[in-house]
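Each reported figure results from applying straightforward, stated rules to the coordinates on display, with no laboratory input. As the structure is a prediction and not an experimental result, all values here were calculated from the model. No Cβ is skipped: glycine too gets one built from the backbone with ideal geometry, and neighbour counts run over all protein chains shown.
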Ligand code: MN
């Protein structure tokens, strides 16, 4: 096979305690999945069916305890952090039942759904797609994947984010409106899921802006923290 143009890069995540890497396929993101965050975004957090948007694989950048720097993206003056539990899938499938959904999970990680909030809200209010607000390169720093075979499945535990060691976001993943199993099951009715797919499960309340030089620390109990600096 001879490619007419250079082959696009592939994206991977480190796996805690392993030499293998996790190949990133698609990134599905759940919208407004904590009631207090839905309220701060001006929406009613009743249990309406979940909705999803996507990021390209190139949004994913490896993060971890060693600080990394992501660029301040262009065309925004309101660049927001969203700390999220990240689920990686080891097995694909469609019409997956809630009862069997967790069998499709490979592992869990801490991630950030970095958002150009001004562009997202402008699009939302005009009834346009969110892509320019959400789907850009290096908008999803994600820590090493901890395998479910080692740590089990996460249903409860602190999720938090500090900026320059100041408290910004703090909640518990038990407060997810749609659980990991429910999200996988729901998604699989609309799209056949594949190994390598990644689900970002939504952020709790306390989202806010970061500026160049800020250092974010994301934490979820039982997983590796991530340290992410905002560049120029
Ligand atoms: Mn999000």
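Miscellaneous remarks
- Rounded if a/c under 1.5, otherwise prolate or oblate - the chain, Cα gyration tensor axes: rounded
- The stretch 12-230 - share of DSSP beta bridges that are antiparallel (%, nearest 5): 80
- Sequence-separation-based contact order of the stretch 11-142, relative, with Cα cut under 8 Å and 6+ spacing, percent: 26
- Computed extension gain for residue 98 through residue 75, at 0.36 nm per residue and net of the alpha carbon distance, reaches 4.3 nm.
- By the count of neighbouring beta-carbon atoms within 10 Å, fewest first, 21, 163 end up ordered 21, 163.
- Computed E for residue 170/residue 2 - FRET, C-beta separation, R0 30 angstrom, nearest 0.05: 0.05
- Estimated FRET transfer efficiency when R0 is 22 angstrom, pair residue 44-residue 131 (beta carbons, to 0.05): 0.35
- If R0 equals 35 Å, the separation of the Cβ atoms of residue 36 and residue 212 corresponds to a calculated FRET efficiency of about 0.80.
- Rel. contact order, % - alpha carbon contacts under 8 angstrom, at least six apart, the chain: 32
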